[in-house]
Amino acid sequence: MSAKEYFAEHRRFWIGICSVFVLVCAWELTLTYIFPVNPFFFTKPSLIGTAFLEQIQSAKLWHDLAVSSQAFIWGFSFAVVIGIPLGLVMGWRRRVEYSLDPFLTALYASPLVALAPLFIIIFGVGVTGKAALVFLLAVFPFVFNTFAGVKSTDSLLINVIRSFGGDEKDLYLKVILPSTIPYIIAGARLAIGRGLVGIIVGEFYAASEGIGFAISQAGDTYRLPEMFVGIIILSLIAVVLTELMRKLESTVAPWRASDEVR
Amino acid sequence: MQPKKFFAEHESFILGTGFIVLLLIVWESIPLWYTLPRGMALFFTTPSKIAAAFYELLLNGTIEKHFYVSAIAFLVGLGLSIVVGIPLGLIMGRSRTLEDLLDPYITAANATPRIVFLPLLILWFGIGIWSKILIVFAGAVFPLLINTYVGVKNVNRVLVNVVRSFGANEWQLMKIVVLPNSVPYIIAGLRLAIGRAILGVVVGEFFGSSQGLGYMIASAATNYKVDVVFVGVFIFMALSVILTLAVKQLESRLASWRPETAKTF
């Protein structure tokens, strides 16, 4: 009985695990017994597993991850520092909104990664170019989500602050910023995805180290297991970061329905 | 009409375009009041040079040739993702077992930037059009799939029960209730998918390619033809804005009752 209840509660989790397990087994068995694997074009889980163990023991993988995260953190921090204030001002000052909205919307809608080659030739293959690319991609979710958050601030609260003689600073710090935080976190979730795109494209395009470079180099030299290790590590990082933001979102603002369109 | 009243009425338009015009003027006039060092001048261009380059490339057919290649990759990839994403989303929304089975892959694939699969796709499908089509597909299919699925999940249970009580089978249920109810979500998904698809085209053509607008940008950048880079960037920008606005229009027409949320692309 209790086992059944337990299964009903964790149904999704266990079915998911089984599904992944069956797929991995089927992949392994098919390529071992039915179609013998051609290591140049295809690989199987056991080879990926061996490569994985080898990679996490080598210093190169950690070095690559450190290089990539350094660029990511710089770009992302600048996006936070510039995006949030800009969104606040845009949401609060009508004229600023009117002036900036069409311009920034056009930039947000367009694939700014198209600027990647230019950034790389201007800033070089180091951290700066990648960080600039990450910043450019990640800043807009912050701007527009902060903006939407300010717009949805309860005007009653604003009037209360005003009535009690609060000045502009109190207004921003005590009402607008707190009620905007859930939106900012949702923006951060989008920004993480876009920032990762920036890192990967920058490193695919021209780099000498970093996780994106490791993936593309493994691909160029037909080392498929190593390429899969890179891809798996990158998706693990992406999933962990995204789910963290989702958790944070529902902790900070449990009233906001989580079924919002992703 | 008094100018003041006119300004007040059209304030958002005037300020919006004014800001863009101002930016362009400032950009254009930078070389006039500041001589760039030689190293920087190599990377610098002005709007008038970009316009001249655009005109020239348009006349000699370069843009047309590259545009055609990019458009095919975009349209086929997006078409494939619509054909796969929407039906799969509908079925996943109706079947809990399938949903649970596929959930881990979809969560992982949605969080991961699909661009990482590009080297793999190039390895498997070569540097021709198919690797581009598939990277566009990989980018665009998840927003469509997930939005369709969310739309099906949010269908009013009462309506489902009514149609069931009158003896409809699963197919009729899908046609009468579920699909019409999910349309706004699907359109919202389509808007996201278009953005992802364009991203796929750009990046797909950066690497291992000899045609397409993305290739034009990448090769111009390696030859320090900055104005041509900007021509490509502005073409992509214009296309994205036009397509996004078109879908937005459709969205607001089909779903004027839905509350406004933050912009997402």
Requested in this report: Could you tell me whether any residue of region B:182-189 is away from chain A (no Cβ under 12 Å) and either within 23 Å of residue B:100 (Cα to Cα) or among the β-branched types (Val, Ile, Thr) (or both)?
Outcome: yes
Report summary line: residue B:242 vs (1) at pLDDT 90 or above; (2) touching a helix residue (DSSP H, G or I) at 6+ places or on another chain (Cβ under 7 Å): all pass except (2)
Report task. Identify, by number, the condition in (1) under 21 Å from residue A:240 (Cβ atoms); (2) facing chain B (nearest Cβ under 9 Å) that residue A:191 doesn't meet. Result -> (2)
Requested in this report: For region A:203-225, enumerate the residues that are part of a helix (DSSP H, G or I) and away from chain B (no Cβ under 11 Å).
Outcome: A:225
Query raised in the report: Would a scan of region A:132-141 turn up a residue that is facing chain B (nearest Cβ under 9 Å) and either of a type outside the set (A, V, I, L, M, F, W, C) or in contact with a Leu (Cβ under 9 Å, 6 or more places away or on another chain) (or both)?
Result: yes
Requested in this report: From the list A:161, A:211, A:184, pick out the single residue that is modelled with pLDDT of 85 or more, hydrophobic (A, V, I, L, M, F, W, C) and surrounded by fewer than 20 Cβ atoms within 10 Å (Cβ to Cβ).
Outcome: A:161
Query raised in the report: Which of the residues spanning region A:162-213 are touching a helix residue (DSSP H, G or I) at 6+ places or on another chain (Cβ under 7 Å) and of a type in the set (D, E, K, R)?
Result: A:170, A:174, A:189, A:194, A:203, A:209
Report task. Read through the list (1) crowded, with 24+ Cβ neighbours inside 10 Å; (2) within 14 Å of chain A (Cβ to nearest Cβ), then give the number of the only condition that residue B:110 fails. Result -> (1)
Requested in this report: Pull up region A:71-109, narrow it to residues that are within 30 Å of residue A:230 (Cα to Cα) and loosely packed, with under 15 Cβ neighbours inside 10 Å, then point me to the one that is nearest to the other protein chains (Cβ to nearest Cβ).
Outcome: A:73
Query raised in the report: If you go through region B:204-229, how many residues are assigned to a loop (DSSP other than H, G, I, E, B) and either facing chain A (nearest Cβ under 8 Å) or of a type in the set (D, E, K, R) (or both)?
Result: 3
Query raised in the report: What are the residues in region B:230-258 that are in contact with a Ser or Thr (Cβ under 8 Å, 6 or more places away or on another chain) and either under 30 Å from residue B:181 (Cα atoms) or more than 9 Å from every other protein chain (Cβ to nearest Cβ) (or both), if any?
Result: B:240, B:241
**Report entry** Failed item in (1) away from chain A (no Cβ under 14 Å); (2) farther than 25 Å from residue B:195 by Cα; (3) surrounded by 14 or more Cβ atoms within 10 Å (Cβ to Cβ), with residue B:81 passing the rest
**Finding:** (2)
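Would you call residue A:79 closer than 30 Å to residue A:191 by Cα, touching a Phe, Trp or Tyr at 6+ places or on another chain (Cβ under 8 Å) and either at pLDDT below 90 or in the same structural domain as residue A:149 (by TED's automatic domain parsing) (or both)?
Values: closer than 30 Å to residue A:191 by Cα: yes; touching a Phe, Trp or Tyr at 6+ places or on another chain (Cβ under 8 Å): yes; either at pLDDT below 90 or in the same structural domain as residue A:149 (by TED's automatic domain parsing) (or both): yes.
Against the criterion (closer than 30 Å to residue A:191 by Cα, touching a Phe, Trp or Tyr at 6+ places or on another chain (Cβ under 8 Å) and either at pLDDT below 90 or in the same structural domain as residue A:149 (by TED's automatic domain parsing) (or both)), residue A:79 qualifies.
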Query raised in the report: What is the number of the single condition among (1) charged (D, E, K, R); (2) within 14 Å of another protein chain (Cβ to nearest Cβ); (3) more than 30 Å from residue B:218 (Cβ to Cβ) that residue A:167 does not meet?
Result: (2)
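From the residues in region B:158-203 that are small (Gly, Ala, Ser) and in a helix (DSSP H, G or I), which one is nearest to residue A:114 (Cα to Cα)?
The qualifying residue nearest to residue A:114 (Cα to Cα) is B:200.
The values are calculated or read from the model by the stated rules, or taken from the named source; none is laboratory data. Quantities reported herein were computed from a predicted structural model and do not represent experimental measurements. Because the Cβ atoms are built from the backbone with ideal geometry, glycine has one as well, and the counts that use them run over all protein chains shown.
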